[in-house]
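Before any comments, here is the structure.
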Amino acid sequence: MPAIELGTVELGGPRAAIIVPLTGVDDTQLLAEADEAAASRADVVEWRVDLLDDPAPARAVRLAPQVSAHADRPLLATVRTVVEGGGFDSCFVEYSRLVGALAEAEGVGLVDVECARPGADELIGAVHAAGRLVVGSNHEVSLTPDTGTMVAVLRSQAELGADVCKLAVTARTPADTARLLEATALAHAELDRPIISMAMGPLGLVSRVMGQDFGSAAGFGSLGGRSSAPGQVPVDELVDVMGRLDRLRRVPGPRRASA
């Protein structure tokens, strides 16, 4: 599977990238969080534009280069809608206008597009026309679909043209998380682009720290105790745990005893 290079960060390479969300509601809080991200061990910063107290396109365009400069990391701009667990509660026209503005904004490297929304294919095309990469996303905030449905969702994102396919589900049982990991592995074997997946909630923890083993290209860690989704691990702990797992993967197994 070809990896995507974001400066010095490789998304879809041998090591899962670490992404931290910025959730500030005003300029001061947002830029302070970006400074905190710059001092962290995160690889990519996700700016949750929907959480601004006034997520107007003009304001987003003004803030984007400042956020990018303060964070000093590749910047993923996201407008998460209420129906998918976020704070943006306007019509598709307003959603498209804001996403389109972010695609044109200086400092933005990737733009999230919710693929369940009507017109997602046209919006993805517009983001590409602006020279930005697309993270196609679907979020199930109350359940975990069956394995085949989850694979089909990731496949449809790729067919729409997303450069990165992202699926988040809500785990109510351990079996839910197991299905999410199975779907990730199946989609990873089929698709020719990076996949990011996670099961939200306490029962989904294993998907966040070991998703790489099933084909997930990135994990989301919280910054300063501020999370953008249930079950996110503090970024330093996530980096430490994933680093220890990487070292364990390189430990050779026991030698076979001779007869």
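A short reminder: the numbers here are calculations on the coordinates, not readings from a lab. The structure presented is a predicted model; accordingly, all values stated were derived computationally and were not measured. So basically every Cβ, Gly included, is an ideal-geometry build from the backbone, and we count neighbours across all protein chains shown.
Side notes on the structure shown:
- With a cut-off of 11 Å between beta carbons, the residues surrounding Ala162 carry a summed charge of -2, where Lys and Arg count +1 and Asp and Glu -1.
- Spatial offset of region 189-222 relative to region 131-186 amounts to 10 Å, using the alpha carbon center of each.
- Within-12-Å neighbourhood charge of Arg80 [Cβ basis; K, R +1; D, E -1]: -3
- Helix 92-104 axis, angle to the chain major axis (alpha carbon atoms, nearest 10°): 80 degrees
- Peptide packing for 23-36, 96-109 was compared via the average number of neighbouring C-beta atoms within 10 Å per residue; ordered from the highest value, the list is 96-109, 23-36.
- The antiparallel fraction among DSSP beta bridges confined to the chain stands at about 10%.
- Estimated dipole of region 1-133 in Debye, rounded to 20 [Cβ of Lys and Arg +1, of Asp and Glu -1, Cα centre]: 240 debye
- Rel. contact order, % - alpha carbon contacts under 8 angstrom, at least six apart, region 116-220: 24 percent
- Candidates Val111, Ser68, His128 compared by Cα position along the dipole of region 42-133: farthest toward the positive end lies Ser68, with charges placed on Cβ.
- Counted by Cβ distance under 13 Å from Ala37, the other residues give a net charge of -3, where Lys and Arg count +1 and Asp and Glu count -1.
- Using 0.36 nm per residue and subtracting the Cα-Cα separation, the extra length available between Asp89 and Thr28 on full extension is 19.6 nm.
- Dipole axis of region 1-84 (+1 Lys, Arg; -1 Asp, Glu on Cβ), positive-most option in Val25, Ser40, Pro55: Ser40
- Each Cα pair under 8 Å and six or more residues apart adds its separation to the average, and for the chain the resulting relative contact order is 18 percent.
- Ratio of the Cα radius of gyration of the chain to 2.2 N^0.38 Å, where N counts its residues: 0.99
- Extension gain (nm, one decimal) between Arg15 and Arg247, 0.36 nm per residue minus Cα-Cα: 82.4 nm
- Relative contact order of region 3-104, pairs being alpha-carbon contacts under 8 Å that are 6 or more residues apart, as %: 25 percent
- The 3J(HN,Hα) values that the Karplus relation (6.51, -1.76, 1.60; θ = phi - 60°) gives for region 65-76 are, in residue order, x, 5, 4, 4, 5, 5, 6, 6, 9, x, 10, 9 Hz. Gly and Pro appear as x.
- Rounded to 0.05, the FRET efficiency of the Glu5 and Glu182 pair, given R0 = 25 Å and the Cβ-Cβ distance, is 0.30.
- Prolate/oblate/rounded label for region 1-108 (Cα gyration tensor, a/c 1.5): prolate
- Packing around the peptides 157-165, 114-122, taken as the average count of other Cβ atoms within 10 Å per residue, puts them in this order, highest first: 157-165, 114-122.
- Net charge dipole size for the chain [Lys, Arg +1 and Asp, Glu -1 on Cβ; Debye, nearest 20]: 1060 debye
- Note on the chain: helix-only mean residue ellipticity at 222 nm, from DSSP H runs of 4+ residues weighted -39500 (n - 2.57) and normalised by residue number, equals -12500 deg cm²/dmol.
- Candidates Ser40, Ser68, Ser137: whichever shows maximal mean-square fluctuation once the chain is modelled as a Gaussian network with Cα springs under 10 Å: Ser40
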